[in-house]
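What follows is a single structure, written as structure tokens, with notes after it.
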Amino acid sequence: MKRLALAAVALAAGVALAQERPIPPGDLKSGSAFLGSDLRALQNDDFANPGMLWVERGEKLWSEPAGKLACASCHKDAAVSMRGVVASYPKVDKANGKLLNLDGRINQCRSERMGAEPLRYESEELLALTAYIARQSLRLPIKTSIEGAARAHFEAGRASYHLRRGQMNLSCAHCHDAQWGKRLLSETISQGHPNAYPAYRMEWQAMGSLERRLRACLSGIRAEMLPYGSQEYLDLELYLAWRAQGLPIETPGVRR
Amino acid sequence: MAARIQIPREARRGDVIEVRILIQHPMETGYRHDDVGHLIKRNVINVLSCRYGGVEVFRADLSSGISANPYVQFYTVAEASGDLEFKWIDDEGQQGSERQSIVVKG
């Protein structure tokens with residue numbers, strides 16, 4: 001009887017864990033799986049992928065001094081020091097306990113250590129640097145921690161993901177958990193993963209950050225767009241990263 | 001204007017080589033309006049040409065139907081070692097150029 005009870009508890013725990021992941025690991029599909037073969041080929045072509053223009057710019061910026069230092073002054077060769085880094089973002093900063101995405105971390109480094117002005121969100125320079133740094137983790141799986149201080153942000157992000165918003169009264173989950181793979185007019189609804197960002201979107205004809213993509217989604221459901229870098233986006237980014245755990249980094253992705 | 005060129009570093013004389021170029025440019029169509037309703041002036045790269053060893057081997061007249069950050073690919077025959085030199089100009093008169101050399105053997 002006792003053994004049975006234990007088994008039941010273990011089963012319940014297992015069910016709870018499985019319920020926590022809205023899309024089981026075996027069904028995880030990167031956004032590129034919902035593209036046409038032409039865009040997928042463009043993304044996989046290291047030369048023709050237009051996002052590589054930003055990656056190349058980022059490579060130059062990496063060793064260009066800004067303020068007192070360049071990124072390369074401390075971090076040396078990005079191919080070594082930045083490999084795998086983006087896969088664990090967003091991350092809680094040990095010193096001040098704040099949740100930072102890669103953009104936030106770069107700007108923190110600039111203002112606290114390099115003595116340089118922080119870069120504006122969505123500026124060409126910041127997109128170039130984030131694209132270059134994320135590129136160093138190409139094909140590595142997303143591995144975000146939601147333990148410790150990150151837990152509260154994760155819970156906030158999950159709540160934000162499930163919050164109905166805007167005139168259409170939709171939450172992220174209504175499309176990206178419940179309806180992915182189905183058609184929305186001419187497009188296939190993706191699972192909404194962040195693993196290719198910053199990405200080059202055909203609609204923008206330019207590179208854009210994950211937050212720009214989130215804002216586009218919010219505008220699509222006629223909800224209020226929050227300002228760049230707001231806490232709610234950061235929490236949501238953490239939830240999205242956790243939800244996409246195991247998917248490989250594809251930056252710079254090419255998207256519709 | 002940043003650009004990327006891809007050609008083989010080496011080729012044998014008479015080989016058909018693939019030449020690829022990707023140029024960073026907004027290719028503003030002239031049909032879009034800004035946030036306050038004013039028409040944004042057309043600004044596209046209108047001519048792109050490539051000279052190989054001083055001889056023009058490719059020329060394209062681009063217009064507003066071409067997407068931002070245009071990508072162009074063509075083929076030419078490897079004849080002698082030298083430079084492939086690209087030049088382009090947009091509606092605002094901004095010029096860009098980029099070159100890459102190839103070694104031809106045999």
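A short reminder: the numbers here are calculations on the coordinates, not readings from a lab. Quick caveat: nothing in here was measured; it's all calculated off a predicted structure. Please note: Cβ atoms are built from the backbone with ideal geometry, for glycine as well, and neighbour counts cover all protein chains shown.
Just a few scattered comments:
- The range A:40-76 versus the range A:175-193: alpha-carbon centroid distance in Å: 31 Å
- Over the protein assembly as shown, dividing the summed -39,500 (n - 2.57) contributions of all DSSP H runs of at least 4 residues by the number of residues returns a 222 nm mean residue ellipticity of -8500 deg cm²/dmol.
- Net charge, A:ARG21 excluded, C-beta distance under 10 Å - Lys, Arg +1, Asp, Glu -1: -1
- In chain A, the longest principal axis of the Cα atoms and the axis of helix A:52-62 are about 60 degrees apart.
- Shape of the protein assembly as shown, Cα gyration tensor, a/c cut at 1.5: prolate
- Highest average packing first - A:137-144, A:230-237, Cβ atoms within 10 Å: A:230-237, A:137-144
- Per-residue mean of foreign Cβ neighbours for B:12-25 is 2 (Cβ atoms of other chains, 10 Å radius).
- Euclidean distance between Cα centres, the range B:65-92 to the range B:7-64, Å: 6 Å
- Each residue of the range A:80-96 is assigned a 3J(HN,Hα), and the resulting list reads 9, 6, 9, 5, x, 4, 5, 5, 9, 9, x, 9, 7, 6, 5, 5, 10 Hz, derived from the Karplus form 6.51 cos²θ - 1.76 cosθ + 1.60 (θ = phi - 60°), x at Gly and Pro.
- Counting only DSSP beta bridges whose two residues both lie in chain A, roughly 70 percent are antiparallel.
- Helix A:231-243 and the long axis of chain A differ in direction by around 60°, with both axes built from C-alpha atoms.
- For chain A, the relative contact order comes to 28 percent (Cα pairs under 8 Å, sequence separation of at least 6).
- When you restrict to C-alpha pairs under 8 Å that are six or more residues apart and normalise by the size of chain B, the relative contact order lands at 33 percent.
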